[in-house]
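The values are calculated or read from the model by the stated rules, or taken from the named source; none is laboratory data. Keep in mind that what you see is a predicted model, and the values were worked out from it rather than measured. When we count neighbours, we look across all protein chains shown, and the Cβ atoms used for this are built from the backbone with ideal geometry, even at glycine. Surface accessibility is based on the protein's heavy atoms, side chains included, excluding ligands, DNA and RNA. Shrake-Rupley method; radii C 1.70, N 1.55, O 1.52, S 1.80 Å.
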Amino acid sequence: MHDNNTRVNYSRLLLENRLNHLLPNFHSLSVDMAGRRVVVFPSAAELGPVLASLVASRAEKAISSYGRFTLGLSGGSLVHILSKELPALPELDCSKWVVGFCDERLVSFDDPESTYGLYKSQLFSKVNIPDEAVLTIDSSLPVQECAEDYTCKLKKAFPEDEFPVFDLLLLGMGPDGHTCSLFPDHPLVQENKKIVAPISDSPKPPPQRVTMTFPVVNSARCVAFVSTGGSKAQVLKEVLEDKKDSIYPAARVAPTKGELFWLLDDPAAASLSIQVERPGSGEKL
C-alpha cells in the first residue's frame with residue numbers, strides 16, 4: 001500500500017512538473033469568478049506602457065468593428081501616465097477616437113482642477129484626436145444644467161444606446177474607495193436612471209462636479225482601473241476581496257457584458273491575498 005501511494009505521489013509530481021513546463025504562466029492567470037483580471041506591476045513605470053498598449057489594442061478592435069473608438073477618461077495619476085505613454089506608441093492614430101470624461105469638476109478649463117484642461121495641455125496637444133471628438137462639459141452652467149447638457153452631448157454621441165456603451169473606460173480609485181465622483185454613502189451611488197448626475201456636495205474639493213452613473217460605467221465593453229501607491233492598499237484589499245455588500249463605490253463596478261481590469265503597482269497590491277497576474281516584460285493584456 002505504501003508503494004502504491006509513493007507511485008501515485010510520484011506520478012502527480014511528474015504531471016505537475018510537466019504542466020509547469022508547458023504552461024509557465026498558468027498559475028499567474030487571474031480571471032476570477034467576477035470576470036475581472038487583477039494585474040500587478042513592480043511600479044507605475046512598468047504599468048504605464050502596458051496600459052497604453054491596452055488602450056491601443058481596444059481602439060484597434062473597436063475601429064475595425066464599429067468604425068470608431070469611444071474612450072472615457074478620469075483624472076488623477078492617469079493624466080500623467082497616459083500623457084507620457086500614449087504619444088510614445090509608434091504610429092498611433094487617434095483620428096477615429098471619441099473621448100468623454102467619467103467625471104469632471106465644475107471649474108474653468110484653465111483651472112488646475114479641470115480634468116479636461118490637464119488632458120488638453122498634456123495629451124491632446126500631442127495626438128491627433130479631433131477637437132470636436134472631445135466631449136467636454138459647459139463649465140459656465142450651474143451644476144444641474146451642466147449635468148443635463150453633458151447628458152445631451154452623450155446621447156447625441158451614442159444615439160442608439162439607452163445608456164452610452166463606451167469601448168473603454170479608464171477609472172481611478174480614491175483612498176476612500178470612491179470612483180468617478182461617486183463617493184461612499186452618497187445618494188448618487190444609488191442613481192440608476194440618469195446618465196450623468198450633478199453633485200454639489202462632493203466630500204473631496206471642489207464640491208461641484210458632474211459624474212457618470214453606475215449604469216453607464218457598467219455598460220462599457222471594457223473598464224480598467226489604475227491604482228498605484230501604498231495609501232490605497234487596505235481599501236483595495238477590501239474592494240477586491242470583501243466585495244459582498246461593500247461600502248466602497250469602486251466595488252460596484254462590474255460590467256454586465258464587458259471586461260474588467262485592475263492594474264496595480266506593488267505598493268497598492270501589498271495587502272492582497274487573492275491570486276494576481278504578474279506580466280513579464282513586454283507582455284500585453
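For region 53-113, just run the numbers: alpha carbon Rg, then divide by 2.2 N^0.38 Å, N being how many residues it has.
For region 53-113, the normalised Cα radius of gyration is 1.25.
Which lysines, if any, have their Cα less than 24 Å from the Cα of residue 232, not counting same-chain residues under 8 positions apart?
Cα-Cα hits under 24 Å: 84, 204, 243, 244.
Report the normalised scattering of the chain as log10 I(q)/I(0) at q = 0.09, 0.11, 0.14 Å⁻¹, calculated by the Debye formula with identical scatterers on the alpha carbons.
Log10 of I(q)/I(0), two decimals: -0.45, -0.64, -1.01.
Gain in length, residue 88 to residue 46, computed as 0.36 nm per residue apart minus the alpha-carbon separation, to one decimal in nm?
Values: separation 42, 0.36 × 42 = 15.12 nm, distance 1.40 nm.
In short, 13.7 nm is gained.
What FRET efficiency, computed as 1/(1 + (r/R0)^6) with R0 = 30 Å and r the Cβ-Cβ distance, is obtained for residue 257 and residue 108, rounded to the nearest 0.05?
Efficiency at R0 = 30 Å is approximately 0.20.
Within the chain, what's the longest stretch lacking GluC sites (Glu not before Pro) that sit in DSSP loops with no more than 14 other Cβ atoms inside 10 Å?
It works out to 163-282.
Work out from phi, with θ = phi - 60° and the Karplus expression 6.51 cos²θ - 1.76 cosθ + 1.60, the ³J(HN,Hα) of each residue of region 89-98, listed in order in whole Hz, and give x for Gly and Pro.
Running phi through 6.51 cos²θ - 1.76 cosθ + 1.60 with θ = phi - 60° gives 6, x, 6, 6, 10, 9, 5, 10, 8, 10 Hz.
List every residue whose amide H lies under 5 Å from the amide H of residue 260, counting only residues 5 or more places away in sequence or on a different chain, with H placed 1.01 Å from N in the peptide plane.
37, 223
Quickly work out the residue 141-to-residue 63 label distance, labels modelled 7 Å from Cα along the C-beta direction, and quote it in nm with one decimal.
Using points 7 Å along Cα→Cβ, the separation is 3.1 nm.
With a 1.4 Å probe and every protein chain kept in, tell me what percent of the accessible surface of the chain is carbon plus sulfur.
Carbon plus sulfur share of accessible area: 53 percent.
Name the residues whose placed amide hydrogens come within less than 5 Å of the amide hydrogen of residue 166, ignoring near sequence neighbours (fewer than 5 apart) on the same chain.
220, 221
Under 18 Å between alpha carbons, and skipping anything fewer than 8 positions from residue 153 in its own chain: which lysines qualify?
The reachable lysines, counting only those whose Cα sits under 18 Å from residue 153, are 96, 193, 194.
State the answer as a single residue: which of 279, 59, 152 lies farthest towards the positive end of the charge dipole of the chain, with beta carbon charges of +1 for Lys and Arg and -1 for Asp and Glu, about the Cα centre.
The Cα lying farthest towards the positive end belongs to 279.
If you plug each phi of region 146-160 into the Karplus form 6.51 cos²θ - 1.76 cosθ + 1.60 with θ = phi - 60°, what whole-Hz ³J(HN,Hα) values come out, in order, with x for Gly and Pro?
Once rounded to whole Hz, the list reads 4, 5, 5, 5, 5, 4, 4, 5, 5, 4, 5, 6, 10, x, 9.
Straight-line reach from residue 156: which aspartates and glutamates fall under 15 Å, measuring Cα to Cα and dropping same-chain residues less than 8 apart?
Within the straight-line cut-off, residue 156 pairs with 132, 148.
How big is the gap, in Å, between the Cα center of region 160-205 and the Cα center of region 218-264?
13 Å
For residue 171, list long-range residues whose amide hydrogen, built 1.01 Å from N in the peptide plane, is under 5 Å from its own amide hydrogen.
It is 224, 225, 226, by chain and number.
How much accessible area per residue does the chain have, counting only protein heavy atoms and a probe of 1.4 Å, in square angstrom?
Accessible area per residue, the chain: 51 Å².
Just to be sure I understand the curve: with the Debye formula and one point per C-alpha of region 29-166, what is log10 I(q)/I(0) at q = 0.12, 0.14, 0.16, 0.19 Å⁻¹?
Relative scattering, expressed as log10 I(q)/I(0), comes to -0.55, -0.74, -0.96, -1.26.
Taking the chain as a Gaussian network, where each spring joins two C-alpha atoms under 10 Å apart, which residue of 274, 129, 81 fluctuates the most?
Among 274, 129, 81, the largest mean-square fluctuation in the Gaussian network model of the chain belongs to 274.
Read phi for every residue in region 186-200 and hand back ³J(HN,Hα) as whole Hz from Karplus 6.51 cos²θ - 1.76 cosθ + 1.60, θ = phi - 60°, with x for Gly and Pro.
My calculation for region 186-200 gives 8, x, 5, 4, 8, 5, 10, 10, 7, 7, 10, 10, x, 9, 10 Hz in order.
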